[in-house]
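The values are calculated or read from the model by the stated rules, or taken from the named source; none is laboratory data. The structure presented is a predicted model; accordingly, all values stated were derived computationally and were not measured. For neighbour counting, all protein chains shown are included, and Cβ atoms are generated from backbone atoms with ideal geometry for every residue, glycine included. The accessibility values were calculated without ligands, DNA or RNA, using every heavy atom of the protein model including side chains. Shrake-Rupley method; radii C 1.70, N 1.55, O 1.52, S 1.80 Å.
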Protein chains: 2
Amino acid sequence: MRPTLPLTLLALSLSACANAPIQAGAPAAKAPTTQEVIDASTAADWRPLDPVNTVYLQLPSGMVVIELAPEFAPEHTANIRTLVKGRYFDGLSVNRSQDNFVVQWGDPAGDELALRRPLGEARATLPAEFSRAADGLDFHALPDPDGWAPQTGFVNGFAAARDPKAGKAWLAHCYGTVGAGRAMEPDSSNGSELYVVTGQSPRQLDLNITTVGRVVVGMERLSVLPRGSGPLGFYTDASQRVPILAVRLASEIEPDQRAQIEVMRTGTPTWDAYVESRRNRSDEWYLHPAGHIDVCNLSVPVRPIPKPAAAG
Amino acid sequence: MRPTLPLTLLALSLSACANAPIQAGAPAAKAPTTQEVIDASTAADWRPLDPVNTVYLQLPSGMVVIELAPEFAPEHTANIRTLVKGRYFDGLSVNRSQDNFVVQWGDPAGDELALRRPLGEARATLPAEFSRAADGLDFHALPDPDGWAPQTGFVNGFAAARDPKAGKAWLAHCYGTVGAGRAMEPDSSNGSELYVVTGQSPRQLDLNITTVGRVVVGMERLSVLPRGSGPLGFYTDASQRVPILAVRLASEIEPDQRAQIEVMRTGTPTWDAYVESRRNRSDEWYLHPAGHIDVCNLSVPVRPIPKPAAAG
């Protein structure tokens, strides 16, 4: 039931970097394109993932890299670390795939408590962490209005929302946002059941459930999973479940075996230029620049860590 | 290359109807849930699909039902009908699947014009149909603001946007919206290359490309297709392409062989109640009603055509 496979980092797909190359030396007569912003970025515009907040989810199809958000869900992310270190997830499965909504993984025993795998040293219930105090966050607001919240923006790579009057902030449910499934009671989640958004941003979930992180690389290993034919997209046949081979924290892995990736910082002038390149596309193909961007239309760029340049 | 398979209507998945049943006779102490709205609807709240505007796309995994939007793209939808009747699509393939963006199908020869299948009686180029006059449309506006357009709403089942000052309307790029791929020139599309949105609503495409319809049933047969590893999600290996077995207009099929489905009308009090049930979820699970809905978060309900009740 619980394979103790060595965690091999399979080929990571960095689709965010797969844009068409721009011809070098072409005059920049107009606002830079996304690719031009990325090409002009410096090392300081990128950050590594913190190994203690990075989770590797190994599926038969390859690796998914998840970044935890302890700033928003300290209790849940701590519990997820405990679950991972206890090898709770190894040998469990993806049990649900609902089209245009979520993919969910955890214990296939579901509500059959007697059959469920013990949580080990992890806690069975946690306080709901649907929002937090807005103070103390490095919230970088977007220039455009949002219909679901008074403000949206990014906090250290995470799509977020803020209500200045109420003094609250929370993660926005966007494509790739990871949350902790719960039952009817607000405090019924513990991080052992996790879901990821695979469709149109279900912002109605905001402030109704605890979000714990985001998928950085490998969304396509989750988003293509066959949709379940049961209610809510649960697989009706155990054979349809996708096995979870192993889940590890990056901090449990030797540094040279970790995913050698970095992500764009979201509070810099380069980030602002990136946002603007998405608000008003200057690529030749676009005739009508939108003049708007939704927080859930912004993917934080990811790239392989560049090799150090040789001394000249 | 061109199979002439009889078009068998495989089991259609009507996931929009798969909500949990509500206990009959329970008192409605609060605003009705989505399921309660659907349960309380009458026959007049539903409409059939027009067979001349309904396209059946048969993939190895089953059927996709697409509704064309001649009100928004009369030239393109007419050309698509001509292409379908000429059996242009039969034996072509799905050639592109880009995560969180689109799946695209048509001639795998792509830009290699000499290798492309002839269009038969269809036209090679058409005028761009990126928007149309707002006048003359049964536009049913949503109550909430939209960041991408002055107004959003529905026109006979289609998610749409409107600019009253400019007197223009267009289809919104939502999950399931179908459009006609184009090259750099605005008038370079003809409906032989089609794409469907499979991720977060890419509204930046609005007003930049011609939209021709929407997927009514079978999105999950397109959304799960493996992502292509080439630029823009194109499959790099011909063996990865998914064959299109056949494409037919419903009007080409005997009535009893057509998909026996109907869709909710989008300009009725029942539709307004449905929208409200999505704006403010009254399901017990929700603690925080959003008080907002985005045009791309509303799926138009689909159901099997009910059997006529026996006379009493």
| request: Quote the relative contact order of region A:215-312 in percent (integer), defining contacts as alpha-carbon pairs under 8 Å separated by 6+ residues. | output: 24 percent
| request: Just add up the charged neighbours of B:Tyr88: K/R +1, D/E -1, any other residue whose Cβ is under 9 Å from the Cβ of B:Tyr88. | output: +1
| How compact and how long is region B:258-304, expressed as Rg and Dmax of its alpha-carbon atoms in Å? | 12.7, 42
| field | Built amide H within the under 5 Å cut-off of B:Asn95, gap 5+ | value | B:Gln104, B:Trp105, B:Gly106
| query | Quick one: if the Förster radius is 41 Å, what FRET efficiency do A:Ala238 and A:Ala133 give, using the C-beta to C-beta distance and rounding to 0.05? | reply | 0.40
| query | For the residue pair A:Ser251 and A:Asp187, what label-to-label distance in nm results when each label sits 7 Å from Cα along the Cα-to-beta-carbon direction? | reply | 2.6 nm
| task | Compute the Cα gyration tensor for region B:66-113, then decide on rounded, prolate or oblate, letting a ≥ b ≥ c be the square roots of its eigenvalues: rounded whenever a/c is under 1.5, prolate when a/b is larger than b/c in the other cases, and oblate in all that remain. | result | oblate
| field | Residues of region A:201-254: accessible area per residue with a 1.4 Å probe, Å² | value | 32 Å²
| query | What value, in deg cm²/dmol to 500, does the helix sum -39500 (n - 2.57) over DSSP H runs of n ≥ 4 give at 222 nm once divided by the residues of chain A? | reply | -3000 deg cm²/dmol
| query | Taking Cα pairs under 8 Å and at least six residues apart, what relative contact order does chain A come out at, in percent? | reply | 28 percent
| said: Measuring nothing but label to label, 7 Å from Cα along Cα→Cβ, what are A:Gln257's distances to the other copies in nm, shortest first? | reply: 5.8
| Ballpark to the nearest 100 Å², how much total accessible area do B and A bury together, probe 1.4 Å? | 3700 Å²
| note | Sorting from shortest, the nanometre distances separating the label point of B:Arg116 (7 Å past Cα along the line to Cβ) from those of the same residue in the other copies are 5.7
| At q = 0.09, 0.10, 0.17 Å⁻¹, base-10 log of I(q)/I(0) for region A:48-197 (Debye sum, equal scatterers on each alpha carbon) | -0.30, -0.38, -1.06
| task | Provide the per-residue ³J(HN,Hα) series for region A:173-184, in order, calculated from phi with Karplus coefficients 6.51, -1.76, 1.60 and θ = phi - 60°, each as a whole number of Hz, with x at glycine and proline positions. | result | 7, 10, 3, x, 5, 10, x, 9, x, 9, 8, 5
| query | So what's the angle, to the nearest 10 degrees on a 0 to 90 scale, between helix B:269-279 and the longest Cα principal axis of chain B? | reply | 90 degrees
| query | Measuring from the lowest to the highest alpha carbon on each principal axis, how far does region A:120-186 reach, largest first, in angstroms? | reply | 45, 25, 24
| note | Residue-ordered couplings for region A:117-127, obtained by feeding phi - 60° into the Karplus form 6.51 cos²θ - 1.76 cosθ + 1.60 and rounding to whole Hz (Gly and Pro as x), are 5, x, 7, x, 7, 7, 8, 7, 9, 9, x
| request: Calculate the length of the line joining the C-alpha centroid of region B:286-305 to that of region B:133-157, in whole Å. | output: 16 Å
| Shortest first and in nm to one decimal, what separations exist between B:Ala40 and its copies in the other chains, measuring from label points 7 Å along the Cα-to-beta-carbon line? | 5.6
| request: Find the chain A residue whose Cβ sits closest to the rotation axis that carries A onto B, and give that distance in whole Å. | output: A:Val224, 3
| Cα→Cβ-extended label distance, 7 Å offset, between B:Ala124 and B:Asp111, nm | 1.8 nm
| task | List the pair-distance distribution P(r) of the protein assembly as shown, using every Cα-Cα distance, as the percent of pairs falling in each 20 Å bin from 0 up to the bin containing the longest distance, rounded to whole percents. | result | 19, 54, 26, 1, 0
| query | Relative to the longest principal Cα axis of chain B, at what angle does helix B:74-85 sit, 0 to 90 degrees, rounded to 10? | reply | 70 degrees
| note | Using the Kirkwood formula on alpha carbons, the hydrodynamic radius of region B:221-312 in angstrom works out to 18.2 Å
| task | State in Å² the accessible area per residue of region A:46-111; use a 1.4 Å probe, count heavy atoms of protein chains only, and round to the nearest integer. | result | 27 Å²
| query | So which GluC sites (Glu not before Pro) in region B:79-152 pass both tests, a DSSP loop state and at most 16 other Cβ atoms within 10 Å of the Cβ? | reply | B:Glu112, B:Glu121
| note | Note, region B:189-205: 3J(HN,Hα) by Karplus (6.51, -1.76, 1.60, θ = phi - 60°), whole Hz, Gly/Pro = x, goes 9, 9, x, 7, 10, 10, 10, 10, 6, 10, x, 3, 3, x, 5, 4, 7
| field | Percentage relative contact order, region A:106-181, counting C-alpha pairs under 8 Å, at least six apart | value | 22 percent
| request: Could you pull out every residue, at least 5 positions away or on a different chain, whose amide H is within less than 5 Å of the one on B:Glu262? Hs are placed 1.01 Å off N in the peptide plane, and Pro or chain starts have none. | output: B:Arg303, B:Ile305
| message | Could you compute how much accessible surface A:His140 exposes when probed at 1.4 Å, giving the result in Å² to the nearest 10? | response | 50 Å²
| message | Taking all protein chains in place and a 1.4 Å probe, what share, in percent, of the accessible surface of the protein assembly as shown do carbon and sulfur account for? | response | 55 percent
| note | Given chymotrypsin sites (Phe, Trp or Tyr not before Pro), DSSP loops and at most 16 other Cβ atoms within 10 Å, the longest exposed-site-free stretch of chain B is B:1-284
| request: Have a look at A:Glu220, A:Glu252, A:Glu185 and tell me which one the Gaussian network model of chain A (Cα, springs below 10 Å) gives the largest fluctuation. | output: A:Glu185
